[in-house]
Each structure stands twice: as C-alpha cells, then as structure tokens.
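Below you'll find the structure, written out as structure tokens, and then a few comments.
Each reported figure results from applying straightforward, stated rules to the coordinates on display, with no laboratory input. Fair warning: this is a prediction, and the values are worked out from it, not measured in the lab. Virtual Cβ from ideal backbone geometry, glycine too; neighbours counted across all protein chains shown.
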Amino acid sequence: MTGWSGFAVVACTSAVALAVLQTVTFVAAVRVRRYNVVDVVWGPGFVLVALAAVLVGDAANPRAWILVALTGVWGCRLGWHMARKTGGRGEDPRYSEMLARAGGGRATAARKIFATQGAAQWFVSLPIQVSAVAGPTSGAGWAVVTVGVALWLLGVVFETVGDRQLAAFRADPEHGAVMDRGLWAWTRHPNYFGDACVWWGVWLVAASAWPGMLTVASPAVMTYFLVFATGARLLERSMVGRPGYREYQRRTSMFVPWPPGSRRCGSS
C-alpha cells in the first residue's frame, strides 16, 4: 500500500497502536502507583510504529525494513535501560511536580502524561510512517541512506557509552558531585545529543525518497524538546546547585560535543 491513501491507513494504524500501548501502560502505572513507567515504553513505542507501518505499508521496500532495524535496536536498548533505571525506585519528581501544579489525579495524569507522550510518539515517528508508503530509494538516494545510518550509529554510540559511563560513575563510592569524565567531558548531555542524532539519522533515511523529506519537522521538534523544553535545559535547572557544576558548565559544551575547555563552551 503506497501513496497518500496508504499514509492515511498507516497513520491511523500507528495512532491506534500507540493509544493501546499508552492505555495499557497507564493501567500498569496505576497498579504500581508510579507514572514514570511511561518512560519505559517511550522507545518501544517507536518500534511498535515501525512494525505497524511496514506491515500495513509497502513491506517489499527494503528502506522500510532498514528503519524497522534502526528503530528496533535503538528502542529496545532504551526501553531496557529505562526499565533498569526506574525499577524499584519512586516516582519521577517531574511527574509529581506536574500533577501537583495541575491539582489533578488519575484523569490529569492520563491526559498530561500518557496521552501527551502518545501524541509525541506519533508525531516524531512521522518519517517512519511516511517512508513506509513512499516510493523506492534509488541512485544517489542510497548515499543519503548511508549518511543517515552513520548518523544514527553515532547517536546510538553516544547514548550507550554515555549511559554506561554515568552508571559506572554512580557506582563508584568515591565519585565527585559532577560527572565530567569520558563523553561527559565533551558535552554535558551526551545522551540527549545522541538521541538527536538518532532521529536526524532516521529522517535522512526517510528523506532518501519523496516525500520523506517533508517530515523534517519531526526531528526538529524532537531536538527542540531535547535541548530546550523537557531535556537539557530543564535538567540543568536542578543540577546547577551542585558544587562544581557552574565550573563544569564553563568548560564543557552543553549539547554539541566540543573539546573540553574550549572558549566555545559555556552555560549556554
């Protein structure tokens, strides 16, 4: 199934699949009495969309299966990481603060946390959805696919290595107040930078065939949230009070990796 009618079917199928996923997750969250379980299904939700898109769309297109593979590796790794990170711990302060401000209970949580995440997953995954019904990649388009896969790989490496380095830092009983080793000496948020690379890489793969390039707003919005809205900027507000963090800000790039101590580094 291809063309705009095919996209409508893929888009609706993806929306239904995400709605079911978020509903099941909400029920599980109520049972365990913490809403941060929603973070565990963030990555797997994209895997679900990729599978739905390729099965409903053009399953004979190799580009669609490339996106399934890229999304599957990234999403399953992230889901496993978040399950280990949140398991056995209390509620995420972000969600507690959000619900406290809204003065709401379960209904508010369902709307502001689970429905919002489902909508975000649907929008960010538009390159995957469109690619499933777009025309075949040919000629120079495969060079674009190659660049996209390379950028995706860079992102996965940054996320994986950054997470492992942070875990090792926290496990060290003599660690300092600020993690500034390894990739964290080049960027204060290697995991967020890696996530941005992943989604720009996915977009490049989708953009190798018309009309995939029209979904550029998806990685752009994702990057905005990673840097300014719910990602790096928000996290730094809670970190800036730690001893030595302002000095860390002065010598380390906030997002894009840059040599430690460069004059281009800083708190911005």
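Please state, as a whole number in µm²/s, the translational diffusion coefficient that the Stokes-Einstein equation yields for the range 94-195 at 25 °C and 0.890 mPa s, with Rh defined as the Kirkwood radius across alpha carbon pairs.
Translational D for this selection: 140 µm²/s.
Given contacts defined as C-alpha pairs under 8 Å and at least six residues apart, what's the relative contact order of the range 142-222, whole-number percent? Walk me through the numbers before you get to the answer.
Working: 90 pairs, mean separation 35.5, N = 81.
That works out to 44 percent.
Under the Karplus relation 6.51 cos²θ - 1.76 cosθ + 1.60, θ = phi - 60°, what is the ordered set of whole-Hz ³J(HN,Hα) values for the range 150-164, x standing for Gly and Pro?
Once θ is set to phi - 60°, the couplings for the range 150-164 become 5, 5, 4, 4, 4, x, 5, 4, 4, 5, 5, 5, x, 5, 5 Hz.
If contacts are Cα pairs under 8 angstrom and at least 6 residues apart, what is the relative contact order of the chain in percent?
The normalised contact order for the chain reaches 19 percent.
Quick query: amide H of Asp180 versus all other amide H atoms, modeled in the peptide plane; which residues come in under 5 Å with a sequence gap of 5 or more or a different chain?
none
Please sort by residue number the trypsin sites (Lys or Arg not before Pro) in the range 192-268 whose DSSP state is loop and whose Cβ has at most 13 other Cβ atoms within 10 Å.
The qualifying sites are Arg263, Arg264.
Run the numbers on the range 1-82 and let me know its relative contact order in percent, using alpha-carbon pairs under 8 Å that are six or more apart.
Contact order relative to length: 37 percent.
Per residue of the range 98-114, what does 6.51 cos²θ - 1.76 cosθ + 1.60 with θ = phi - 60° give for ³J(HN,Hα)? Whole Hz please, x for Gly and Pro, Karplus curve as stated.
Here the 3J(HN,Hα) series is 4, 6, 5, 5, 7, x, x, x, 5, 4, 5, 4, 4, 7, 7, 9, 7 Hz.
Could you give the alpha-carbon Rg of the chain over 2.2 N^0.38 Å, rounded to two decimals?
This ratio for the chain stands at 1.05.
Whole-Hz Karplus ³J(HN,Hα) for the range 25-39, in order, using 6.51 cos²θ - 1.76 cosθ + 1.60 and θ = phi - 60°, x for Gly and Pro?
Taking θ as phi minus 60°, the curve returns 5, 4, 4, 5, 5, 5, 5, 8, 6, 7, 8, 6, 5, 4, 5 Hz for the range 25-39.
Taking Cα atoms of the range 139-268, Rg/Rh with Kirkwood Rh, to two decimals?
Radius of gyration relative to Kirkwood radius: 1.05.
Using amide H atoms built in the peptide plane, which far-off residues or other-chain residues are under 5 Å from Met254 H to H?
Arg188, Gly266
When N counts the residues of the range 1-120, how does its alpha-carbon radius of gyration compare numerically with 2.2 N^0.38 Å, as a ratio?
Details: Rg = 16.1 Å, N = 120, 2.2 N^0.38 = 13.6 Å.
So the Cα radius of gyration is 1.19 times the expected 2.2 N^0.38 Å.
Would you give the gap between the C-alpha center of the range 217-253 and the C-alpha center of the range 112-142, rounded to a whole Å?
Cα centres, the range 217-253 to the range 112-142: 26 Å.
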